[in-house]
């Protein structure tokens, strides 16, 4: 028998044996806008499946088998394939997700591109996490994750979860087309993530504290100011340095940094769950180096020939200013408005306005000017032009000078979100962000730039008893006003359908 026919038959056999948990999803979306771009909240936090162009759209189809559909088994598996054909996007064919999951008890391994939700934040109302947000396309990677594991001998009061991954970015061609030789770009860049979280307390009142970190490393850098091409280390040591934040970049010289572009966040959340309401208070403090990670940096070097030697116990301390602070209130018995989010984001400090390396005549070592989401070698914390963290940082895709840089990373912002379910099947959300941007330390705006971005969105899921069962329709209005994003107004319409390969699929999954 022909090999292709054999493979197809095998795949069909797998699908037929898992129809009770396999879901088919199709969706089409159209966006029409007036202004310079589509409004911020019509394109942000869509896992990168969006466009800043005024008019755009896509056709999307996917098949998913969730590994968690049968929690009674120790070994479980799942998969997902999610593809879109788009117009006026960064690419016409978008492989949004393509992954396989393997679970054993509380351990999961994921291979491929998969949309990972934010930690501690509401997925549709929050402005976004600062390190691992939902604003950019997923990166293909091998990821290991441990679900909440209760620490022995703590009577259930302490639990731990964590994850780690290695992968490679996929925007090489886009970077080359976007820069057009005007700015540095990277190819075959490796990607690393890791995170760990501790949870304390009983079920109704808990406190979580976590550390999450990411790194871009390896690959080839083109059009750098000091060299036309830089080949970074791609061997085992580079992967180890990404894990441990050690090593040094080839361009560092005497002023050593950890190899690659390391970023991360300290995150915390207090959760109070009561019969009629739930309150969550959370914080997300971003960092690029020790000045904001531990707020202390060594500053006790010698002088002269001993300028790079540690000679005394002397340190420089940095303030606690930059952070995302948020609160979420859920009202369980009031469907008309049952979820409220308010967030305040401040990023102006960044370790202070001074960076000074030690010299033979001046031993002061001050590591300010962190320049969030940017890097002196790599193209910064972005993928396909969209920042991989919070979209209130102005993504490089907005730049008209062909540079892959975040040009507004010093700002303050207030963000508000409300959602509700006033009728069966009807869901809405409202978002408002008020922002004042100051540019960067290296390119300060002559005058601060203000911005207001708003979204009004409503979605209706047809009931299971109707002839339109499985269909949903969603409409949204978005608006930007101000000097930062420009004046934009847009409409967005989404129509989709979910189908189970077996009529009992939904019931069997539950």
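Any read-out appearing in this document is the output of simple, stated calculations on the displayed coordinates, not a laboratory observation. Model, not experiment: these values are computed from the prediction. Every residue, glycine as well, gets a Cβ built from its backbone with ideal geometry; the counts of neighbours run over all protein chains shown.
Taking the fewest neighbouring Cβ atoms within 10 Å as the starting point, the ordered list for 277, 336, 174 is 336, 277, 174.
Taking the longest Cα principal axis of the chain as reference, the axis of helix 3-17 is set at about 70 degrees. Translational diffusion coefficient of the chain (Stokes-Einstein, Kirkwood radius from Cα pairs, 37 °C, 0.692 mPa s): 133 µm²/s. Mean projected area of the convex hull spanned by the Cα atoms of the stretch 241-330, taken over all viewing directions: 8.5 nm². Compared with the direct C-alpha span, the chain from residue 237 to residue 321 gains 26.7 nm at full extension, assuming 0.36 nm per residue.
Expressed per residue, the C-alpha convex hull volume of the stretch 362-510 stands at 204 Å³.
Counting every other Cβ atom within 10 Å of each residue's Cβ, 324, 309 order from fewest to most as 309, 324.
Which log10 I(q)/I(0) values does the stretch 276-411 give at q = 0.13, 0.16, 0.21 Å⁻¹ under the Debye formula, counting every alpha carbon as one identical point scatterer? For the stretch 276-411, the Cα-only Debye profile gives -0.73, -0.92, -1.16. Relative to the globular-protein estimate of 2.2 N^0.38 Å, the Cα radius of gyration of the stretch 126-198 stands at 1.59.
Extension gain for residue 203-residue 168 works out to 8.8 nm (0.36 nm per residue, less the C-alpha to C-alpha distance).
Each of 319, 480 has some number of other Cβ atoms within 10 Å of its Cβ, and from fewest to most they run 319, 480.
Spin-label pair residue 278-residue 296: with each label point 7 Å from Cα along the Cα-Cβ axis, the two points sit 3.8 nm from one another.
With contacts taken as Cα pairs under 8 Å at a separation of at least 6 residues, the chain carries a relative contact order of 16 percent.
Across all directions, the average flat footprint of the convex hull enclosing the Cα atoms of the stretch 159-250 is 8.1 nm².
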